[in-house]
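Below: the structure, in structure tokens.
The values are calculated or read from the model by the stated rules, or taken from the named source; none is laboratory data. These figures come from a predicted structure and were not determined experimentally. Cβ sites come from the backbone with ideal geometry, for glycine too, and all protein chains shown count toward neighbours. All accessible areas refer to the heavy atoms of the entire protein, side chains included, with ligands and DNA or RNA removed. Shrake-Rupley method; radii C 1.70, N 1.55, O 1.52, S 1.80 Å.
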Amino acid sequence: NMIISRTPFRISLFGGGTDYPKWYNKNFGSVINVTINKYCYINVRKLPPFFNYKYYIRYYQREQVEKLNKIKHPSVRECLKFVNLKYGVEIVHNADLPARSGIGSSSTFTVGLLNALMALKNQTLTKKELSLKSIHLEQNILKENVGSQDQIAASFGGLNRIDFGGKSKFTINPYVLNPTYEKKINSNLILIFTGIERSASSIAKKQLKSMESNQNKYEKILKITREADDILRKNKNPDLLGELLDEQWKIKKNLSSDISNNKIEKIYKNAKLNGAIGCKLLGAGAGGFMLIYARKKNQKKIINSLKNFLYVPFNFDYTGSQIIYYSKN
């Protein structure tokens, strides 16, 4: 069998940080995020019996190993253990955007891989099961310092408010926006790649250590998330979202000294000077993608002022992780 899964990357808009278990096990957590039409593709198939290895894995590295425990890629190793296949497999990963860049790539990879491997076993997980299993793998087994929003966004897709805490772990509240209103929000957002790749887990580690002393900052971030939710539910002027993104970024970069840096500040200043209403860095910080909110008429100017950086056009995507190819031998 050959299976291909396609899983969307996400843009985190509001509430990031409150989706860490360390926060929502004691407090209420809430985020707003949206998946976009940039994807992680995972091909899996039963390995034909002609090779002297059992696992062939290709991502930016290539692994050919006989034993499961010899697999270096942590997510691949643990997903395979969980799925417990009785035969060898070949796994190939391709993606539209680079890893370690704030678009939730590691969780997107885990969700897509788990989805594909289950399909290889002729089994399907519900979107909720796929989210919870991926969260469990990353947080409890791999002990990564990751929140819980990326796995849910990758599994479900779309523009959602996700609330955390309590018995159900999370609840997902999709936005059903008027198409014109939604299009306006989408077209007012610009994605710029800073060119800096970084490890989200190590940056998040610092933030998690200082979480208690930053309690009031996280409360402010939650308050901003509630205001953004109100704007979206009531179709208020979307420019207000840009202002809130800006307000939130100012709080976020004060959470720890390594969230921002000179290069990021320069991009921010340039964007604001050329008419941006708000900006924020995606993901844990220190690099990756910068999201800029600006009216259509100012976008050319902003993009020109940042021409040393990569501009990535995108649209919102509503599909979530999907099996897009399935062949039975």
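See the values below:
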{"read-out": "Highest to lowest packing among 247-253, 1-7, 301-307, 260-266, scored as the average C-beta count within 10 Å", "value": "1-7, 247-253, 301-307, 260-266"}
{"read-out": "Protein accessible area in the chain, 1.4 Å probe - carbon and sulfur %", "value": "51 percent"}
{"read-out": "Against the rule of thumb 2.2 N^0.38 Å, how large the Cα Rg of segment 85-218 comes out", "value": "1.21"}
{"read-out": "log₁₀ of I(q)/I(0) at q = 0.17, 0.22 Å⁻¹ - segment 208-329, Debye sum with one point per alpha carbon", "value": "-0.98, -1.35"}
{"read-out": "For segment 160-270: accessible area per residue (Å², 1.4 Å)", "value": "50 Å²"}
{"read-out": "Coarse-grained scattering of segment 49-147 at q = 0.12, 0.17 Å⁻¹, given as base-10 log I(q)/I(0) from a Debye sum over alpha-carbon atoms", "value": "-0.39, -0.79"}
{"read-out": "Rounded, prolate or oblate (a/c below 1.5 giving rounded, otherwise prolate when a/b exceeds b/c) for segment 275-329 by Cα gyration tensor", "value": "prolate"}
{"read-out": "MRE, 222 nm, helices only [DSSP H, n ≥ 4, -39500 (n - 2.57), over the chain, to nearest 500]", "value": "-11500 deg cm²/dmol"}
{"read-out": "Relative contact order computed over the chain (Cα-Cα under 8 Å; 6+ residues apart), in percent", "value": "27 percent"}
{"read-out": "Accessible-area value, residue 65, 1.4 Å probe, nucleic acids and ligands omitted, Å²", "value": "20 Å²"}
{"read-out": "Loop sites in segment 66-145: chymotrypsin sites (Phe, Trp or Tyr not before Pro), DSSP, at most 10 other Cβ within 10 Å", "value": "87"}
{"read-out": "Farthest positive-ward along the chain dipole, Cα basis, beta-carbon charges - from 50, 215, 35", "value": "50"}
{"read-out": "For segment 210-266, diffusion coefficient by Stokes-Einstein and Kirkwood Rh (Cα), 10 °C, 1.306 mPa s, µm²/s", "value": "127 µm²/s"}
{"read-out": "Where only C-alpha atoms are counted, convex hull volume of segment 137-296 per residue in Å³", "value": "128 Å³"}
{"read-out": "Tail fraction, Cα-Cα pairs, the chain, threshold 29 Å, whole percent", "value": "37 percent"}
{"read-out": "Greater than 31 Å apart at Cα, pairs in 205/297; 169/263; 22/81; 263/300; 167/269; 22/300", "value": "205/297; 169/263; 167/269; 22/300"}
{"read-out": "Cα point-scatterer Debye curve for segment 161-230, base-10 log of I(q)/I(0) at q = 0.17, 0.23 Å⁻¹", "value": "-1.09, -1.16"}
{"read-out": "Estimated D of segment 4-80 in µm² per second, where Rh is the Kirkwood radius over Cα pairs and Stokes-Einstein applies at 37 °C, 0.692 mPa s", "value": "208 µm²/s"}
